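> Encoded as structure tokens, here's the structure I'll be asking about.
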Amino acid sequence: MAVAFCLFVFPLLPPGLSRAGVEEGYPVGVSCPGDCNADGVVVAAELVAGSMSAWANDVERCAAMDADGSGHVTAEELLEASSAVFGRCRAIVEPETLWGVDSNYVRLFELQGRTWQVEGRQVDPIEEFTRRGANAFRLRIWVENDPGDPQPGTLERHARLLARRAQHLGLYVLPVLFMSRGWGADTEQDAPTEWAELSLAERAEVARLWAKDATERLRLDGIRTRLYAIGNETDYGFCGAFEVTEDLDRLEREIWPAAARLMRATAEGVRAGSGRGDLRFVVHISRGWDPEFALAYFRTMLAEGVPIDLAGLSYYPNSWGEERARRFDTTVERLSRELGLPVLVAEYAYAAEARVPGWREALPGYPLDEAGQARFVGDFCRRVFDDPRLRGAFYWSPEEAHAIFDWSVMGLFRPSFDGHSPGARPALGALDCRVR
């Protein structure tokens, strides 16, 4: 048997590939092994260099690439073989529709010894979500943890590693800058400890600098994204400019303008740190079920100069009930018609069990069992891809599979009390509602 060595020859372009296509390169993420100059594309010369570096001494791989048995690898054979390596990189281009997961607990669960199985084999849940149709990852980033709280969210201990892992698996990363101490959500938006006593102007400047530094670090890690979210569930404020109140007039006159100043500063920092001129921004609220509130919020924020390209909404019908779920549809329609804002469903989930108080509302046709969950996920997936007013959706914490925790009723893996999921729920397969 003849042995093929990696002696690469390039007398001709492969059929179907124009010279312009080779020279312009394929859009990829900088994490790809062939992107030698870190410009976000792999051109022909880089493809050769990357392949030679990876395969130069791999006789077995070279023999496999040598399709015609000539003893050397031609351009056509190299490009065909390398598609398995570099093809995943092309997925880093921003998808037209973001169909993603918010799986920020995965690494913490792994450190706790938890495992996930599909059909008897242990799996990486993020990789499994990708295989089942996910194309994006919503990345949680806050400034510092609450004292004594180990929840994942800080940049250095959590987000940077997880961002690289998600992008390596082919997911488009959406960083969410909470700009908070611990959870920034609809009921809490605490400023980081050292920022709390600063004036609004001083806090805005510190926020700008922090966002710039965080974005630079992600860029230097090779995270290539043009989409950032400023805040999480910022219904009642942001980064300490916050008050839970149903007084809409007070929100519009005082709370939201102060929050808007901090959001503008954060966006300025992201622009400065990213080195890109084509950034887009998401701003997210939890009250997707309340069209009047949502319209007032986004109208005010736009008037205050907050850059908003996508209106982020939460969608939790098991908590809301049927009537509020219908009003979510109204919110989507009015944001599109009155403000010209497409919607990104920043968080959604559906229960496979009815054992958690406050999360027992079932939509008609979608019972709270595994079949109902799978039907909901599949139908919602098709809706997201087919409705031009929706830009995408992220399933929140689909990796939760420890039965002691309430959110395990929402997970896409069957829960257990020992932390070792015995298998997937049918809804995991329903994620892949269409061929990407």
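The values are calculated or read from the model by the stated rules, or taken from the named source; none is laboratory data. What you are looking at is a predicted structure, and each value in this text was computed from that prediction instead of being measured. Please note: Cβ atoms are built from the backbone with ideal geometry, for glycine as well, and neighbour counts cover all protein chains shown.
> Tally up the residues in the range 404-419 that are part of a loop (DSSP other than H, G, I, E, B) and either out of contact with any Asp or Glu (no Cβ under 9 Å at 6 or more places or on another chain) or among the small types (Gly, Ala, Ser) (or both), please.
Let us first name the residues in the range 404-419 that are part of a loop (DSSP other than H, G, I, E, B), namely 404-405, 410-412, 414-415, 417-419.
Cutting the leftovers down to either out of contact with any Asp or Glu (no Cβ under 9 Å at 6 or more places or on another chain) or among the small types (Gly, Ala, Ser) (or both) gives us 404-405, 411, 417-419.
Looking only at that region, the number is 6.
> Only one of (1) farther than 24 Å from residue 279 by Cα; (2) in contact (Cβ under 8 Å) with a residue 12 or more places away in the chain fails for residue 197. Which number is that?
(2)
> Sticking with this one: Is at least one residue of the range 163-171 outside any helix (DSSP H, G or I), touching a residue at least 12 places away in the same chain (Cβ under 8 Å) and surrounded by fewer than 24 Cβ atoms within 10 Å (Cβ to Cβ)? Quick ask: steps written out before the conclusion?
So the first thing to find is which residues in the range 163-171 are outside any helix (DSSP H, G or I), and the list is 169-171.
Narrowing the set further to residues that are touching a residue at least 12 places away in the same chain (Cβ under 8 Å) leaves 169-171.
Adding the requirement that they be surrounded by fewer than 24 Cβ atoms within 10 Å (Cβ to Cβ) leaves 169-170.
Scanning the range 163-171, I find at least one residue that is outside any helix (DSSP H, G or I), touching a residue at least 12 places away in the same chain (Cβ under 8 Å) and surrounded by fewer than 24 Cβ atoms within 10 Å (Cβ to Cβ), so the answer is yes.
> A follow-up question, please. Mind checking whether some residue in the range 147-156 is of a type outside the set (S, T, N, Q), free of Cβ contacts under 8 Å to residues at least 24 places away in the same chain and in a loop (DSSP other than H, G, I, E, B)? Quick ask: steps written out before the conclusion?
Going through the range 147-156, the residues of a type outside the set (S, T, N, Q) turn out to be 147-150, 152-153, 155-156.
From what's left, free of Cβ contacts under 8 Å to residues at least 24 places away in the same chain: 147-148, 156.
Okay, now just the ones that are also in a loop (DSSP other than H, G, I, E, B), so 147-148.
Within the range 147-156, one or more residues are of a type outside the set (S, T, N, Q), free of Cβ contacts under 8 Å to residues at least 24 places away in the same chain and in a loop (DSSP other than H, G, I, E, B).
> Take the residues in the range 174-203 that are aliphatic (A, V, I, L, M) and crowded, with 22+ Cβ neighbours inside 10 Å, then tell me which one is nearest to residue 93 (Cα to Cα).
Step one: list which residues in the range 174-203 are aliphatic (A, V, I, L, M), which gives 174, 176-177, 179, 185, 191, 196, 198, 200-201.
Now restrict to residues that are crowded, with 22+ Cβ neighbours inside 10 Å: 174, 176-177, 179, 191.
Details: 174: 12, 176: 18, 177: 21, 179: 27, 191: 34 Å.
Per the criteria, the residue is 174.
> Mind checking whether some residue in the range 215-226 is under 28 Å from residue 294 (Cβ atoms) and part of a loop (DSSP other than H, G, I, E, B)?
Start the filter on the range 215-226 by keeping residues that are under 28 Å from residue 294 (Cβ atoms), which leaves 215, 225-226.
Keeping just the survivors that are part of a loop (DSSP other than H, G, I, E, B) gives 225-226.
Yes, that holds for at least one residue.
> Can residue 366 be described as at pLDDT 95 or above, among the aromatic types (Phe, Trp, Tyr), buried (at least 16 other Cβ atoms within 10 Å of the Cβ) and within 30 Å of residue 228 (Cα to Cα)?
On the way: at pLDDT 95 or above: yes; among the aromatic types (Phe, Trp, Tyr): yes; buried (at least 16 other Cβ atoms within 10 Å of the Cβ): yes; within 30 Å of residue 228 (Cα to Cα): no.
It is false that residue 366 is at pLDDT 95 or above, among the aromatic types (Phe, Trp, Tyr), buried (at least 16 other Cβ atoms within 10 Å of the Cβ) and within 30 Å of residue 228 (Cα to Cα).
> Hey, another quick one. Is it the case that residue 272 is touching a helix residue (DSSP H, G or I) at 6+ places or on another chain (Cβ under 7 Å) and buried (at least 21 other Cβ atoms within 10 Å of the Cβ)?
Details: touching a helix residue (DSSP H, G or I) at 6+ places or on another chain (Cβ under 7 Å): yes; buried (at least 21 other Cβ atoms within 10 Å of the Cβ): no.
Spelling it out, it is not the case that residue 272 is touching a helix residue (DSSP H, G or I) at 6+ places or on another chain (Cβ under 7 Å) and buried (at least 21 other Cβ atoms within 10 Å of the Cβ).
> A further question on this structure: In the range 236-264, how many are in contact (Cβ under 8 Å) with a residue 12 or more places away in the chain, surrounded by fewer than 24 Cβ atoms within 10 Å (Cβ to Cβ) and not in a strand (DSSP E or B)?
Qualifying residue count for the region: 12.
> Could I ask something else about it? Given the conditions (1) surrounded by fewer than 22 Cβ atoms within 10 Å (Cβ to Cβ); (2) modelled with pLDDT of 95 or more, report the number of the one that residue 436 does not fulfil.
Tallying (1) surrounded by fewer than 22 Cβ atoms within 10 Å (Cβ to Cβ); (2) modelled with pLDDT of 95 or more, residue 436 fails exactly one: (2).
Condition check ((1) out of contact with any Leu (no Cβ under 6 Å at 6 or more places or on another chain); (2) acidic (Asp, Glu); (3) surrounded by fewer than 16 Cβ atoms within 10 Å (Cβ to Cβ); (4) at pLDDT 85 or above) across all residues:
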{"position": "59", "(1), (2), (3), (4)": "yes, no, yes, no"}
{"position": "72", "(1), (2), (3), (4)": "no, no, yes, no"}
{"position": "96", "(1), (2), (3), (4)": "yes, yes, yes, yes"}
{"position": "101", "(1), (2), (3), (4)": "yes, no, no, yes"}
{"position": "117", "(1), (2), (3), (4)": "yes, no, no, yes"}
{"position": "153", "(1), (2), (3), (4)": "yes, no, no, yes"}
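> Right, another one. Does residue 285 satisfy being buried (at least 24 other Cβ atoms within 10 Å of the Cβ), at pLDDT 95 or above and among the hydrophobic types (A, V, I, L, M, F, W, C)? Working first, answer last.
Details: buried (at least 24 other Cβ atoms within 10 Å of the Cβ): yes; at pLDDT 95 or above: yes; among the hydrophobic types (A, V, I, L, M, F, W, C): yes.
So residue 285 fits the description; yes.
> Could you count how many residues in the range 102-125 are within 28 Å of residue 188 (Cβ to Cβ) and in contact with an Asp or Glu (Cβ under 8 Å, 6 or more places away or on another chain)? Before you say what the answer is, go through the steps one by one.
Of the residues in the range 102-125, the ones within 28 Å of residue 188 (Cβ to Cβ) are 102-112, 114, 125.
Checking the rest, the ones that are also in contact with an Asp or Glu (Cβ under 8 Å, 6 or more places away or on another chain) come to 102-103, 105-106, 109, 125.
Residues meeting the conditions: 6.
> A further question follows. Looking for whichever is surrounded by fewer than 18 Cβ atoms within 10 Å (Cβ to Cβ), in contact (Cβ under 8 Å) with a residue 60 or more places away in the chain and outside any strand (DSSP E or B) here; the options are 422, 388, 398. Which one fits?
Result of the check over 422, 388, 398: 422.
> Is one or more of the residues making up the range 109-126 closer than 30 Å to residue 246 by Cα and part of a strand (DSSP E or B)? Steps first, answer last, please.
So the first thing to find is which residues in the range 109-126 are closer than 30 Å to residue 246 by Cα, and the list is none.
No, that holds for no residue.
> Next question, about the same structure. At pLDDT 95 or above and closer than 14 Å to residue 240 by Cβ: which single residue out of 159, 196 fits that description?
Only one candidate qualifies: 196.
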